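The values are calculated or read from the model by the stated rules, or taken from the named source; none is laboratory data. This one's a predicted model, so the numbers in the text were calculated from it and none came from an experiment. Because the Cβ atoms are built from the backbone with ideal geometry, glycine has one as well, and the counts that use them run over all protein chains shown. The area values use the complete protein model at the heavy-atom level, side chains included, leaving out ligands, DNA and RNA. Shrake-Rupley method; radii C 1.70, N 1.55, O 1.52, S 1.80 Å.
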Amino acid sequence: MQKVRKAIIPAAGYGTRFLPATKAMPKEMIPIVDKPTIQFIVEEAIASGIEDILIITGKLKRPIEDHFDSNPELEENLRAKGKADLLELVEETTGLNLYFARQAYPLGLGHAVLQAKAFVGNEPFVIMLGDDIMADEVPLTKQLIDSYEKTHASNIAVMKVPHEETSSYGIIDPEAEAGDGLYNVRKFVEKPDPDDAPSDLAIIGRYLLTPEIFNILEHLEPGKGGEIQLTDAIDILNKTQRVFAKEFKGERYDVGDKFGFLKTTIQYGLKHPQVKDGLREYILELAKDLESGKVDNKMNAESHDLEEAKD
Ligand code: G1P
């Protein structure tokens, strides 16, 4: 059996949910406290034993390449000032086996993945989407690789979501659980209306696929939203070879959504050695002020000032 060595991280999207911040900056570079979200994904890949990573980029995504490049001037400066801890942080992000390809037109996730055909060749591989940071004792990508080694088949990570949110995800129609959170799947459906959703088990952005997916993607017609949908290709793959769904039981942080992003920032901040104590104190104070209504009044006063300044 072939070892899973390669990962694709699609990062070509416009990031419209974070406009205006993403007008000239990749959404993948927005930091959670001090670490760009894409670095969390790259770290999950490496912790899972992935050796080569291809990031699919597009226009305005150069800062991602620069982030994972060396910066000799900065390194020299930190060295000269004896800032060993900062130097270590900067050097952590260089020397990885990272490759870049560009998606010229935003024709959908399936189309972005197709740009990786030559990179992947004839091996099983993983796809990691950047909108979710996953936390568990064993990294989710490693869980998929372990499951691949047992099943010798494609494995897609899924998680239960509230029923009304099924229209934001690829949803599976599961058969009975085969044990270990593993499901045989009747159908994969991209973003169904809640009324039509066959379950609440949603695809959460980690896929382990066999290379046969590329032949399917090459001939696939546009699906939901007029885009080439990866979910549609997986549904076709599932008709000729088994594609399992693997339920994730850890913590998922949706950083592709404003509220999810704020929650993740607080959670990560509460673990961050430099800010955790101050942040904890601040949150406790804030909770008291919110209870008494003090903060609401103050915020209203500030936004009123802003409106006045505009006039
Ligand atoms: C994509 C996929 C969808 C999946 C989701 C997970 O949608 O098309 O099947 O459930 O990622 O985040 P997007 O969020 O890019 O619209």
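Filter the range 90-128 down to the residues that are hydrophobic (A, V, I, L, M, F, W, C), part of a strand (DSSP E or B) and more than 16 Å from the ligand (Cβ to nearest atom) and list them by number.
Matches in the range 90-128: 98, 100, 101, 125.
Out of curiosity, is residue 9 surrounded by 15 or more Cβ atoms within 10 Å (Cβ to Cβ), touching a residue at least 12 places away in the same chain (Cβ under 8 Å) and within 16 Å of the ligand (Cβ to nearest atom)? It would help to see each step written out before you state the result.
On the way: surrounded by 15 or more Cβ atoms within 10 Å (Cβ to Cβ): yes; touching a residue at least 12 places away in the same chain (Cβ under 8 Å): yes; within 16 Å of the ligand (Cβ to nearest atom): yes.
Here the answer is yes, as residue 9 does meet what is asked.
Test each condition in (1) more than 18 Å from residue 248 (Cβ to Cβ); (2) without any contact (Cβ under 8 Å) to a residue 24 or more places away in the chain for residue 179 and report the one that comes out false.
Checking residue 179 against (1) more than 18 Å from residue 248 (Cβ to Cβ); (2) without any contact (Cβ under 8 Å) to a residue 24 or more places away in the chain, the one that fails is (1).
Only one residue in 91, 51, 65 is without any contact (Cβ under 8 Å) to a residue 60 or more places away in the chain and touching an Asp or Glu at 6+ places or on another chain (Cβ under 9 Å). Which one? Talk me through it step by step, then tell me what you get.
Working: 51 fails: touching an Asp or Glu at 6+ places or on another chain (Cβ under 9 Å); 65 fails: touching an Asp or Glu at 6+ places or on another chain (Cβ under 9 Å).
When all the criteria are applied, what remains is 91.
Just to be sure, is residue 30 over 23 Å from residue 274 (Cβ atoms), among the β-branched types (Val, Ile, Thr) and in contact with a Pro (Cβ under 8 Å, 6 or more places away or on another chain)?
In short, no.
Name every residue in the range 241-259 that is more than 13 Å from the ligand (Cβ to nearest atom) and in contact with a helix residue (DSSP H, G or I) (Cβ under 9 Å, 6 or more places away or on another chain), in order of residue number. Don't jump to the end; show me each part of the working.
Going through the range 241-259, the residues more than 13 Å from the ligand (Cβ to nearest atom) turn out to be 241-244, 246-247, 249-251, 258-259.
Of everything in the range 241-259, those that are more than 13 Å from the ligand (Cβ to nearest atom) and in contact with a helix residue (DSSP H, G or I) (Cβ under 9 Å, 6 or more places away or on another chain) turn out to be 242, 243, 244, 246, 250, 251, 258.
Name the residue, out of 17, 62, that is open to solvent by 50 Å² or more (accessible area, probe 1.4 Å) and in contact with a Pro (Cβ under 9 Å, 6 or more places away or on another chain). Talk me through it step by step, then tell me what you get.
On the way: 17 fails: in contact with a Pro (Cβ under 9 Å, 6 or more places away or on another chain).
Only one candidate qualifies: 62.
Only one of these conditions is not met by residue 193: (1) open to solvent by less than 70 Å² (accessible area, probe 1.4 Å); (2) more than 13 Å from the ligand (Cβ to nearest atom); (3) at pLDDT 95 or above. Which number is it?
Among (1) open to solvent by less than 70 Å² (accessible area, probe 1.4 Å); (2) more than 13 Å from the ligand (Cβ to nearest atom); (3) at pLDDT 95 or above, residue 193 violates only (1).
If you go through the range 217-250, how many residues are out of contact with any Ser or Thr (no Cβ under 8 Å at 6 or more places or on another chain) and either part of a loop (DSSP other than H, G, I, E, B) or more than 19 Å from residue 171 (Cβ to Cβ) (or both)?
14
Here is a yes/no grid of residues against (1) on the phi > 0 side of the Ramachandran plot; (2) among the hydroxyl-bearing types (Ser, Thr, Tyr); (3) open to solvent by 10 Å² or more (accessible area, probe 1.4 Å):
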position	(1), (2), (3)
104	no, no, yes
111	no, no, yes
127	no, no, no
132	no, no, yes
139	no, no, yes
152	yes, no, yes
172	no, no, no
177	no, no, yes
184	no, no, yes
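Going by what's in this entry, would residue 43 be described as free of Cβ contacts under 8 Å to residues at least 12 places away in the same chain and closer than 22 Å to residue 156 by Cβ?
yes
Select from the range 1-29 the residues that are at pLDDT 95 or above and β-branched (Val, Ile, Thr) and write down the one among them that is nearest to the chain's Cα centre (by Cα).
Going through the qualifying residues, I end up with 9.
Applying the selection to the range 241-278, what residues are open to solvent by less than 40 Å² (accessible area, probe 1.4 Å) and free of Cβ contacts under 8 Å to residues at least 24 places away in the same chain?
If the condition is that a residue be open to solvent by less than 40 Å² (accessible area, probe 1.4 Å) and free of Cβ contacts under 8 Å to residues at least 24 places away in the same chain, then 260 is the only one that fits.
Identify all residues within the range 72-99 that are closer than 30 Å to residue 118 by Cα, at pLDDT 90 or above and either open to solvent by less than 70 Å² (accessible area, probe 1.4 Å) or among the charged types (D, E, K, R) (or both); write none if there are none.
Hit for the range 72-99 is 98, nothing else.
Within the range 201-217, identify whether any single residue is more than 10 Å from the ligand (Cβ to nearest atom), open to solvent by 70 Å² or more (accessible area, probe 1.4 Å) and at pLDDT 95 or above, and answer yes or no. Steps first, please.
As a first pass, look at the range 201-217 and keep what is more than 10 Å from the ligand (Cβ to nearest atom): 201, 208-217.
Then drop every residue that is not open to solvent by 70 Å² or more (accessible area, probe 1.4 Å), which leaves 212, 215.
Pick out the ones that are also at pLDDT 95 or above and you get 212, 215.
Scanning the range 201-217, I find at least one residue that is more than 10 Å from the ligand (Cβ to nearest atom), open to solvent by 70 Å² or more (accessible area, probe 1.4 Å) and at pLDDT 95 or above, so the answer is yes.
List the pairs whose first member sits in the range 129-142 and is within 16 Å of the ligand (Cβ to nearest atom), whose second member is among the aromatic types (Phe, Trp, Tyr), and whose Cβ atoms are under 6 Å apart, counting only residues at least 6 apart or on separate chains?
Close Cβ pairs satisfying both conditions: 133/40; 133/253; 140/248.
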